[in-house]
Every structure is written in C-alpha cells, then in structure tokens.
C-alpha cells in the first residue's frame, strides 16, 4: 500500500515539474484518493472480457472512390519551385 508522505509529495512535484506551497500541500488529500482507487484491486474481473474501448461500435469507413481533383498545372503555377508534378521545398531535416 502506498503511503503519502513528504518524500512522495516531493517526488510528485519534481516529476510533474510543479512547485506546491505549504498551504497547497496541506490541502492535498492524496491518501484518500489512493485508498479509493486501490478498491479497484478488490473487484472480481475474472469473467470480464478485455477491451480497449467501452463501446462495441467499430469504425465505419467509406469505400475509396476516385473523384476528379484540382488541375495540377493551375495549382503549381504560383509555386516558387516545382518539377511539373509536385512542389519542391528546401530540405528541413539533415541527411
């Protein structure tokens, strides 16, 4: 069982990059939260199926359909640099 003490609070402050005042620390009731969450360990989950999502719905994807697109020449006419098919931009990442 986890016990909330000054050492734990200091660790949490450092790992979360926070600085709590003494007043904030005194208002902090982590032990109550930890005790409440630890009740989950007592639940019987033997016959509960594993899930990654609480709903049974599966994503609906539409069929891929080829449709007319923009005129490439029209799009490239204002490009600073292109090769006739695509924009050419300066390299932003090293080799």
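No value in this document is a laboratory result; all are computed from the given coordinates. If you're wondering where the values come from, they're calculated on a predicted model, not measured in any experiment. Using ideal geometry, Cβ is built from the backbone for each residue, glycine included, and neighbour counts are taken over all protein chains shown.
Points worth noting:
- The gain in end-to-end length when the residue 34 to residue 61 segment is fully stretched comes to 5.6 nm, 0.36 nm per residue minus the alpha carbon separation.
- Radius of gyration (Cα atoms) of region 3-95, expressed as a multiple of 2.2 N^0.38 Å: 2.30.
- Theoretical ellipticity at 222 nm over the chain - DSSP helices of four or more residues, -39500 (n - 2.57) apiece, nearest 500: -8500 deg cm²/dmol
- In this simple spin-label model, placing a label point 7 Å from the Cα along the Cα-to-Cβ direction at both residue 13 and residue 51 gives a separation of 4.1 nm.
- Ordering of 58-69, 29-40 by packing is 29-40, 58-69, highest average first (other Cβ atoms within 10 Å, averaged per residue).
- Fully extending the segment from residue 2 to residue 88, taken as 0.36 nm per residue of separation minus the present Cα-Cα distance, adds 25.2 nm.
- Principal-axis analysis of the Cα atoms of the chain puts helix 6-16 at an angle of about 10° to the longest axis.
- In this simple spin-label approximation, residue 22 and residue 80 carry label points 7 Å from Cα along the Cα→Cβ vector, and these lie 5.8 nm apart.
- Chain lengthening between residue 43 and residue 72 when straightened (0.36 nm per residue, less Cα-Cα): 4.4 nm
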